[in-house]
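Have a look at the structure below, then the notes.
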Amino acid sequence: MSIVAGCDVGSLTSKAVIMKHNKIIGSFILRSKPRPRDSADAAVKGALDAAGLALEDITYCIGTGYGRDRMAFADHSVSEISCHGKGAKWLLPSARTVIDIGGQDCKAMKLDSDGQVERFNANDKCASGTGRFLEVMANVLGMDINELGPLSRKARSPITLASTCTVWAQADVIKYLNSGTPIEDIGAGVNTAMAKRVAILANTVKPEGDVLMTGGVAKNMGVVATLEKLLGLRIKKARRADPQMAGAIGAAVMAYEEITSRVLEN
Amino acid sequence: MQLFHDVANQIKCQPLIDWKALNRPVVGYTCSQVPAEIFHAAGILPIRMRGIETDGMDIGDAYYGPFICSFPKCLLQLVGKGAYKFIDGAVITPGCDAMRRLDECWRKAGEDYDGIIPGFFYYFDVPHKAEGHGMEWFVEEIEYLIAEIEDYFKVTITDENLRAAILEYNKGRRLLSEIESMRTSETPVVSGSDMFAATIAGTVMPRAQYNEELTQWMASLSQSPPMENVRKRIMLIGSITDDPDLIRLIETDTDAMVVAENLCFGVRSEGRPVDEDADPISALAEHYLGESTCPRMYGRYKQRLAVLKEKIEQSHVDGVIMQNIRFCDLHGAENALFEKDLEAEGIPCLRLEREYGPMIDKGRLKLRINAFLERLGRGRKYASSN
Ligand code: SF4
């Protein structure tokens, strides 16, 4: 039976998944390279290796992400907004609202029962509320971005960042570090600033039903917990696969839908 | 058609150069509510000022500051750089507060940059209401403007040559609306970006030459086969747009076409003729103010919504893209109302905020536009492959 692929070249990371019968049989994630085409090639190669397959084995491939039109092997490209919707639906069939925090953008979407995006909003030209914000702050704190979530749980009195602007917030964080504020309190403050920014965006689509978070930041429990408080909603966890893969999964699901409908048509 | 694109894409276009070569005057104006016929009647070429080809913002930022619409800032930038030194006159209007301030900023910049204030520099007041007294006031403003032009350019503007100008302009309007109907039809023969380039060209070219070009274009269009692959019919509305690239962004690499728009550089005011039988000044006033198609006009929201709905229906629009330039309160606020009212009637809408100027926002805008088009494609399959 046909094997499909989805490849999502983002600004910070690139991901690819290989699917067979609507199941993931291989996936790969890497730090994006300067050229989108190289990132796409490496991501798909990694996913194919994981599945023990070669490029010729893929019947249909959809590309997404900012490098979506630069993939030599992709049969078609779809915007990451639609792909995240589809991917979220695959990760959690009951999802009706999706908050996706990617490397350089943040999106909130409302889905219909087919996982089609009914309404969306995305951040404008500003790094606050994106993965990049957390990355810059983690760098200043001298830690890995993945440590920010667990760290903030230990906080006793989180700091308040006066500005959500990445550049100004960075200066604030350095000031707190210099004045000896415990690092966990700073980390928690960073997560809260991020969550506040995302909550404003999420509220514009009027979240309802089951809410799912996708993108790398979904793995930061500090941000998720604050966001839940701010929105007054529970945020479901994607257990079926890594939520950071949602865009690539959605692309592969669309590729799968495309070839099945072709089979039905012929 | 190529001429329209050339004119739309550069300020110093050939028809303008040819006009100046004959030593004839040119006056730049800044708002769709300035009656171009008045200048035409005086033998002056009226050109709508545009901010295309801006490649920096040092001058614009210096006089305006950062938190303001980038359109008038681009105009000032170009003025400061000397790009508009060829105009003999400028007419500034209070389209919105940002545009009104162009008057002050330009004058102030004139103290620092030599020769950027044209000999005829005129502030043309346009009321925000078209009701009784507003209309009377506007008629008076037109009369003042005529008197000033007569005085400065040493010309006489009679009712007769005003009438002749109205006839000439109406000729273009009728041609444009005929071509427009070839675009809004179920099987369009003209793309949105071509149509838009043609309407922009109309704000710059000498009218007789423009009418001639339109006539030829229309003849060639009537032989053209319908455009292929038009599956999503889009309407574009909102803040000032004088760059066919924005429409091209929607139409390139997609199965969408901009079949209708409601933009101040577009066909919205060109599409209907000025009354040829009435007193010319009142007819011009009625045409340029009476329709209240711009959100700067007070108390006419319902009328503007009705205009949109009618266009949506006539042009079989599948979705509306509403854009506004950052800090444009007028369109920003009205787009929010339109979105609420149109979505309530089941018309999908996309709201975009952008910067005016060279298409720096391209990637960001394209992502949102594509996602919106995919939303409109619901029920269909995703791909016909590359
Ligand atoms: S786009 Fe808005 S703010 Fe800018 S000039 Fe036009 S009305 Fe004024």
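The values are calculated or read from the model by the stated rules, or taken from the named source; none is laboratory data. Small disclaimer: the values here were computed from a predicted structure and weren't measured. Cβ coordinates were reconstructed from backbone atoms using ideal geometry, including for glycine residues, and neighbour counts include every protein chain displayed. With ligands, DNA and RNA removed, areas are computed over all heavy atoms of the protein, side chains included. Shrake-Rupley method; radii C 1.70, N 1.55, O 1.52, S 1.80 Å.
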Q: Show the residues, 5+ positions off or on another chain, whose built amide H is closer than 5 Å to the amide H of A:Asp210.
A: A:Arg96, A:Thr97
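For a quick check of your reading of the filter: which GluC sites (Glu not before Pro) in the stretch B:160-192 sit in a DSSP loop and have no more than 13 other Cβ atoms within 10 Å?
Values: sites: B:Glu160, B:Glu168, B:Glu178, B:Glu180, B:Glu186; in loops: B:Glu186.
Taking the stretch B:160-192 and a limit of 13 other Cβ atoms within 10 Å, the loop GluC sites (Glu not before Pro) found are B:Glu186.
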Q | Accessible surface of chain A, 1.4 Å probe, proportion on carbon and sulfur as whole % | A | 50
Q.
I need the helices of chain B that pass two filters: whole DSSP H segments spanning 18 Å or more by Cα along the axis, and mean Kyte-Doolittle score no lower than -0.5.
A. B:132-153, B:362-376
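Within 10 Å of each Cβ in A:250-257, how many Cβ atoms from other chains are there, averaged over the peptide? Don't jump to the answer; show the numbers that get you there.
Details: counts 0, 1, 0, 0, 4, 2, 0, 3.
If you average over the peptide's residues, the count of other-chain Cβ atoms is 1.
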**Q.** Qualifying chymotrypsin sites (Phe, Trp or Tyr not before Pro) in the stretch A:44-90, DSSP loop, other Cβ atoms within 10 Å at most 16
**A.** A:Phe73
Q.
If you fit an axis through the alpha-carbon atoms of helix A:221-231 and take the longest principal axis of the Cα set of chain A, what angle between them do you get, 0 to 90°, nearest 10?
A. 80
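As a quick test, which of the pairs B:Lys81/B:Lys366; A:Lys107/A:Lys206; A:Lys15/B:Lys232 have an alpha carbon distance above 22 angstrom in this structure?
Details: B:Lys81/B:Lys366 31 Å; A:Lys107/A:Lys206 13 Å; A:Lys15/B:Lys232 31 Å.
B:Lys81/B:Lys366; A:Lys15/B:Lys232, as the Cα separations exceed 22 Å there.
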(Q) With a 1.4 Å probe, what is the total accessible area buried between chains A and B, in Å² rounded to the nearest 100? (A) 2200
Q: Per residue of the stretch A:69-74, in order, report the coupling 6.51 cos²θ - 1.76 cosθ + 1.60 (Karplus, θ = phi - 60°) as ³J(HN,Hα) in whole Hz, putting x for Gly and Pro.
A: 8, 10, 9, 4, 8, 6
**Q.** Where the protein assembly as shown is the region considered: accessible area per residue in Å², 1.4 Å probe
**A.** 41
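Would you mind giving the average projected area, over all directions, of the Cα convex hull of the protein assembly as shown in nm² with one decimal?
Working: hull surface 128.5 nm².
Average projection, Cα convex hull of the protein assembly as shown: 32.1 nm².
So for the stretch B:25-169, considering every pair of alpha-carbon atoms, how many percent are separated by more than 17 Å?
Working: 6386 of 10440 pairs.
Percent of Cα pairs beyond 17 Å in the stretch B:25-169: 61.
Can you tally the net charge around A:Ala169? Count Lys and Arg as +1, Asp and Glu as -1, for every other residue whose Cβ sits under 13 Å from the Cβ of A:Ala169. Before the final figure, lay out the partial values.
Details: positive: A:Arg132, A:Lys175, A:Lys196, A:Arg197; negative: A:Glu135, A:Asp172.
That sum, taken over residues with Cβ under 13 Å, equals +2.
Keeping the other protein chains in place, figure out the carbon and sulfur percent of the accessible area of chain B, with a 1.4 Å probe. Don't jump to the answer; show the numbers that get you there.
Working: 7620 of 15240 Å².
Ligands and nucleic acids excluded, carbon and sulfur give 50 percent.
For the stretch A:46-173, what is the charge dipole size about the Cα centre, in debye to the nearest 20, if Lys and Arg each add +1 at the Cβ and Asp and Glu each add -1 at the Cβ? Kindly include the intermediate steps, with their values, before the conclusion.
Numbers: 13 positive and 16 negative charges, 126 e Å.
The calculation lands at about 600 debye.
Where in the stretch B:225-275 are there GluC sites (Glu not before Pro) that are in a DSSP coil and have at most 14 other Cβ atoms within 10 angstrom of their Cβ?
Details: sites: B:Glu228, B:Glu251, B:Glu261, B:Glu270; in loops: B:Glu228, B:Glu270.
Qualifying residues, ordered by number: B:Glu228.
Averaged across the residues of B:344-352, what count of C-beta atoms belonging to other chains lies within 10 Å of each residue's C-beta? Before the final figure, lay out each step's value.
Details: counts 0, 0, 0, 0, 2, 1, 2, 1, 1.
Other-chain Cβ atoms within 10 Å of each residue's Cβ, averaged: 1.
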**Q.** Long-range amide H partners of B:Val26 with built H, under 5 Å
**A.** B:Leu45, B:Asp88, B:Gly89
Q.
Under the 0.36 nm per residue contour assumption, what length would be gained going from the current alpha-carbon distance of B:Phe121 and B:Asp329 to full extension?
A. 72.2 nm
Q.
Please report the net charge: other residues with Cβ closer than 9 Å to the Cβ of A:Ser82, K and R +1, D and E -1.
A. 0
Q: Net charge near B:Ile240: determine it from the other residues with C-beta under 13 Å of the C-beta of B:Ile240, scoring Lys and Arg +1 and Asp and Glu -1.
A: +3
Q. How do the peptides A:235-248, B:190-203 rank, highest first, by the average count of neighbouring beta carbon atoms within 10 Å per residue?
A. B:190-203, A:235-248
Q: Tell me the label-point distance for the pair A:Asn146, B:Leu22, using the 7 Å Cα-to-Cβ offset, in nm and rounded to one decimal.
A: 7.5
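Would you mind getting me the FRET efficiency between B:Ala147 and A:Ala162? Use the beta-carbon distance for r and R0 = 60 Å, nearest 0.05. Numbers along the way, then the final one.
Details: r = 57 Å, r/R0 = 0.95.
Taking R0 as 60 Å, the efficiency between B:Ala147 and A:Ala162 is 0.60.
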Q | Candidates A:Thr59, A:Thr97, A:Thr214, ranked by Gaussian network fluctuation over chain A, Cα under 10 Å, top entry | A | A:Thr59
Q) Helix A:246-265 versus the longest principal axis of chain A: what angle, 0 to 90°, nearest 10, using Cα atoms? A) 20
Q. How well do other chains shield peptide A:112-119, expressed as the mean number of their Cβ atoms within 10 Å of each residue Cβ?
A. 3
**Q.** Extreme residue, positive dipole direction of the stretch B:212-268, given options B:Leu236, B:Gly266, B:Ala219 (C-beta unit charges)
**A.** B:Leu236
(Q) Just to be sure I follow: if Rg is taken over the C-alpha atoms of chain B and Rh is the Kirkwood radius over the same atoms, what is Rg/Rh? (A) 0.95
Q | Residue list for the stretch A:184-217, given a label point 7 angstrom along the Cα-to-Cβ vector of A:Leu233 and an amide N cut-off under 12 Å | A | A:199-214
